[in-house]
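The values are calculated or read from the model by the stated rules, or taken from the named source; none is laboratory data. Keep in mind the model is a prediction, meaning the values are calculated, not measured. Cβ placement follows ideal geometry from the backbone for every residue including glycine, while neighbour counts extend to all protein chains displayed.
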Amino acid sequence: MGVGALDEPGIEPVISLRGVRAELGSRPVLRGIDLTVARGEVVALLGANGSGKSTAIRTIIGQVPVSAGDIELFGTDRRRFRDWARVGYVPQRTTAAGGVPATVTEIVSSGRLSRARFGVLRKADHAAVRRALELVGMADRAKDSVNALSGGQHQRVLIARALASEPQLLIMDEPMAGVDLASQEVLAQTLREQVAQGTTVLLVLHELGPLEPLIDRAVVLRDGCVLHDGPPPQAVGQHALPGHDHVHPHENEPLRTGLLS
Amino acid sequence: MDFLDYAFMQRALLAAVLVGITAPAIGIYLVQRRQALMGDGIGHVAMTGVGLGFLLSASPVWMATLTSVLGAVLMELIRWYGRTRGDIALAMLFYGGMAGGVMFINLAPGGSNANLTSYLFGSLSTVSESDVTAICLLAGFVVLVTLGLRRQLFAVSQDEEFARVTGLPVRALNLLTAVTAAVTVTVAMRVVGLLLVSALMVVPVAAAQQLSRSFAATFAIAVAIGVSVTIGGTITSYYQDVPPGATIVLLTIAAFMALTALAAPLARRRARAAAAGQPAGDPAECAIPASREADGTVGV
């Protein structure tokens, strides 16, 4: 049921899902998923709309209840896991804004709460928020209202919020959706730096796009089951559609973002 | 300033200031989570408490606090579990609460809907000594929660799913928000009235948004507006002999319209300043390339 090399002793998985089932209403969305992400790995969850990839991610963070199976984070049962500062999460959003105006700094500071005791942010916490903003190239917009930002900048704010706790594991749900080209490159660069520092990444993607060179392994879901677990596939879902014929960049090739232009 | 000579006006003004602070302070989180009308629902449920207070000869303020807190907790539970039929359940809760209030007050000895009117629309002369004590205690609780837990409440109200992954006790914070909103309703009940209280939770926040870019500034401006209109409305109500709740709400809406009119040119100037500060490669407006403009002039 495992995925080969990753189940070998000595490599502690950061994320481990075994036989996970989940329903939304009465409709089964996950029908026994196995997924292991080892330390330092970058794993992409791929699949068509409705294949269960977002649900899979949301079971890991506890947003969607599981009807069967085990989930472990850093070797701890998810229900007993409390060390949330080690996890940075980027939910699927088109906007970082809420019903009331908020500045970029105010939003990103929320991400630091997992490290702040009683919600009090100290000097070191404010410094970490600033660093997170620099990582995504938004430091100059720190005091601006998020309402004044473009779609790609919203996504950069959401990623900075996840990075503010200096996590060892990044979980991202479609971080590239609705992101302009310039922001895509910034995000790919940010992610590259995180991965270089040893951060483990699990991300839902609709298409591999500019992140492809970073991805170690792809897990493809279909109808709530794992269809493929291994090297990034050549063409799945949207990629296989006619009119989507871009050349896949390979290692050492320059970053390619043309498919979205 | 002769209105300060009367004990009932001193009590009414104190209550009004506390309402002006607390209603926008919790309201901002409700607006942020896009539950602006939650206060209205709680106000309906609180009517049952007022009715029970009359029926059982207990303090209507404390009974209203009790029922509105229970109602708010129930609303939060419905939000968790009853996803599909949630709105129907809420409708039953609201109108059941209102009907219960009317029923209980008519069952009370010597009670009639006339007793209910001052609770529905607010009244200055009826704020009693014991009401003031209750209002002060409850307002203290609301201020403590909305300021003391502002970062946690901000995070949960901004993005519940994300807040869960920061390890915040999301359900407890949601319940606390609901309970605090319920308490605020009963704080505001005597001055503004149950049917108008929601306006004071929402409109000052909406007015503040016209001027502010940050959450902190929105909070401060909303509370400043809240205190101004409650004091202004209470004094106007005294001199003109008009109902305080209606006066306060109309003043709040006037403040909203004034600030909106004021904000439009301000926003334009801000946009111009932002455009001027933009790097050349990223113009805020579509500019005609210089060469083509030159061509055009030649053509004419």
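Yes or no, residue by residue, for (1) in contact with an Asp or Glu (Cβ under 8 Å, 6 or more places away or on another chain); (2) at pLDDT below 90; (3) outside any loop (DSSP other than H, G, I, E, B):
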site	(1), (2), (3)
A:93	yes, yes, no
A:97	no, yes, no
A:101	no, no, no
A:108	no, no, yes
Here is a list of conditions, (1) farther than 24 Å from residue B:73 by Cβ; (2) part of a helix (DSSP H, G or I), and residue B:161 meets all of them except one; can you say which number that is? (1)
Tally, over the stretch B:167-192, of residues that are in contact (Cβ under 8 Å) with a residue 40 or more places away in the chain, touching a Ser or Thr at 6+ places or on another chain (Cβ under 8 Å) and not hydroxyl-bearing (Ser, Thr, Tyr): 8
Would you check if residue B:121 is modelled with pLDDT of 90 or more and surrounded by 15 or more Cβ atoms within 10 Å (Cβ to Cβ)? no
Complete set of residues in the stretch A:110-143 that are part of a helix (DSSP H, G or I), facing chain B (nearest Cβ under 10 Å) and among the small types (Gly, Ala, Ser): A:110, A:119
Within the stretch B:223-259, count every residue that is free of Cβ contacts under 8 Å to residues at least 60 places away in the same chain and either over 16 Å from residue B:125 (Cβ atoms) or part of a helix (DSSP H, G or I) (or both). 16
Just one of A:74, A:81 is farther than 19 Å from residue A:224 by Cβ, away from every other protein chain (no Cβ under 12 Å) and among the aromatic types (Phe, Trp, Tyr); which is it? A:74
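Can you tell me which residue among B:69, B:50, B:61 is over 19 Å from residue B:202 (Cα atoms) and touching a Lys or Arg at 6+ places or on another chain (Cβ under 8 Å)?
Values: B:69 fails: touching a Lys or Arg at 6+ places or on another chain (Cβ under 8 Å); B:50 fails: touching a Lys or Arg at 6+ places or on another chain (Cβ under 8 Å).
The unique qualifying residue is B:61.
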How do the pairs read when you match residues in the stretch B:150-162 that are within 7 Å of another protein chain (Cβ to nearest Cβ) with residues anywhere that are of a type in the set (Asp, Glu), using Cβ under 9 Å and keeping only pairs 6 or more apart or on different chains? B:154/A:106; B:158/A:106
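Anything in the stretch A:116-129 that is in contact with a helix residue (DSSP H, G or I) (Cβ under 7 Å, 6 or more places away or on another chain) and at pLDDT below 90? List them, or say none.
Taking the stretch A:116-129 first, the residues in contact with a helix residue (DSSP H, G or I) (Cβ under 7 Å, 6 or more places away or on another chain) are A:116, A:119, A:121, A:129.
Once the filter is applied, which keeps residues that are in contact with a helix residue (DSSP H, G or I) (Cβ under 7 Å, 6 or more places away or on another chain) and at pLDDT below 90, the stretch A:116-129 yields A:116, A:119, A:121.
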For the stretch B:19-53, which residues satisfy the criterion of being surrounded by fewer than 24 Cβ atoms within 10 Å (Cβ to Cβ), more than 14 Å from chain A (Cβ to nearest Cβ) and hydrophobic (A, V, I, L, M, F, W, C)? B:21, B:52
So which of B:104, B:94 ends up being in a helix (DSSP H, G or I) and over 17 Å from residue B:42 (Cα atoms)? B:104
When you check residue A:155 against the structure, is it over 27 Å from residue B:212 (Cα atoms) and either small (Gly, Ala, Ser) or more than 8 Å from chain B (Cβ to nearest Cβ) (or both), yes or no? no
Please tell me if residue B:190 is buried (at least 24 other Cβ atoms within 10 Å of the Cβ), over 29 Å from residue A:25 (Cα atoms) and of a type in the set (Lys, Arg). yes
Out of B:229, B:197, which single residue is surrounded by 24 or more Cβ atoms within 10 Å (Cβ to Cβ), at pLDDT below 95, of a type in the set (A, V, I, L, M, F, W, C) and under 30 Å from residue B:50 (Cβ atoms)? B:197
Check off (1) away from chain A (no Cβ under 14 Å); (2) assigned to a helix (DSSP H, G or I); (3) in contact with a Ser or Thr (Cβ under 7 Å, 6 or more places away or on another chain); (4) crowded, with 19+ Cβ neighbours inside 10 Å for residue B:145 and give me the number that stays unchecked. (1)
I'd like to check something: does the stretch A:63-86 contain any residue that is within 17 Å of the chain's Cα centre (by Cα), buried (at least 17 other Cβ atoms within 10 Å of the Cβ), on the phi > 0 side of the Ramachandran plot and modelled with pLDDT under 90? no
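Within the stretch A:21-49, which residues are free of Cβ contacts under 8 Å to residues at least 24 places away in the same chain and in a loop (DSSP other than H, G, I, E, B)? So that I can check it myself, show each step before the final result.
Pass one, the stretch A:21-49, residues free of Cβ contacts under 8 Å to residues at least 24 places away in the same chain: A:25-27, A:49.
Scanning the stretch A:21-49 gives A:25, A:26, A:49.
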Give me the residue from the stretch B:210-222 that is under 12 Å from residue B:255 (Cα atoms) and in a helix (DSSP H, G or I) and, out of that set, nearest to the other protein chains (Cβ to nearest Cβ). B:222
How many of the residues in the stretch B:163-205 are within 14 Å of chain A (Cβ to nearest Cβ) and of a type in the set (Gly, Ala, Ser)? 3
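Filter the stretch A:91-108 down to the residues that are in contact (Cβ under 8 Å) with a residue 60 or more places away in the chain and touching a strand residue (DSSP E or B) at 6+ places or on another chain (Cβ under 6 Å), then identify the one that is nearest to the other protein chains (Cβ to nearest Cβ). Outline the logic, then answer.
So in the stretch A:91-108, the residues in contact (Cβ under 8 Å) with a residue 60 or more places away in the chain come out as A:91-94, A:96.
Remaining after also requiring touching a strand residue (DSSP E or B) at 6+ places or on another chain (Cβ under 6 Å): A:91-92.
Values: A:91: 5, A:92: 9 Å.
The qualifying residue nearest to the other protein chains (Cβ to nearest Cβ) is A:91.
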Hits in the stretch A:187-235 - residues which are in contact with a helix residue (DSSP H, G or I) (Cβ under 9 Å, 6 or more places away or on another chain) and of a type in the set (Val, Ile, Thr): A:190, A:195, A:199, A:201, A:204, A:219, A:220
